[in-house]
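Comments concern the structure below.
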Amino acid sequence: MEEQIDSVGKAFVDHYYHLFDNDRPAMSSLYQPTSMLTFEGQKLQGVEDIITKLTQLPIDQCRHVISTVDSQPASVTGGIVVFVSGSLQLPGENHPLQFSQ
């Protein structure tokens, strides 16, 4: 079971950041009407609000490099909780930015 959870978590992370880096509007398939996103103190709920925020970020191009993916079962919902860390490379920047999500 643990291997399945890790595998699903990694596959999700690969897909999520591929879309973020290459086709942010397509990320709408990853959210539901009840989904929530808190970004720098701003709380957003629902597919439209979340995708609007993500597509309006002032970074048109970026590349995520994933360092760690930690996955565990979310016993109440039957889902998986995933924690990701890594770096974000922006065009024209010499040093990547560290991130966790």
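The values are calculated or read from the model by the stated rules, or taken from the named source; none is laboratory data. All figures in this text were calculated on a predicted structure; none of them were measured in a lab. Backbone-built Cβ (ideal geometry, glycine too); neighbour counts: all protein chains shown. Side chains included, ligands, DNA and RNA excluded: accessible areas come from the protein's heavy atoms. Shrake-Rupley method; radii C 1.70, N 1.55, O 1.52, S 1.80 Å.
General observations
- Scanning the stretch 9-30 for residues that are under 24 Å from Gln72 (Cα atoms) and either open to solvent by less than 80 Å² (accessible area, probe 1.4 Å) or acidic (Asp, Glu) (or both) turns up Gly9, Ala11, Val13, Asp14, Tyr16, Tyr17, Leu19, Phe20, Met27, Ser28, Leu30.
- Taking the conditions (1) of a type outside the set (A, V, I, L, M, F, W, C); (2) in a helix (DSSP H, G or I); (3) surrounded by 13 or more Cβ atoms within 10 Å (Cβ to Cβ) in turn, Glu3 satisfies each one other than (3).
- Wholly within the stretch 44-101, strands (runs of 3 or more DSSP E) carrying at least 2 residues that are open to solvent by 60 Å² or more (accessible area, probe 1.4 Å) and closer than 21 Å to Pro33 by Cα: 79-89
- Single condition Pro33 does not satisfy, out of (1) of a type outside the set (Asp, Glu); (2) open to solvent by 40 Å² or more (accessible area, probe 1.4 Å); (3) in contact with a helix residue (DSSP H, G or I) (Cβ under 8 Å, 6 or more places away or on another chain); (4) part of a helix (DSSP H, G or I): (4)
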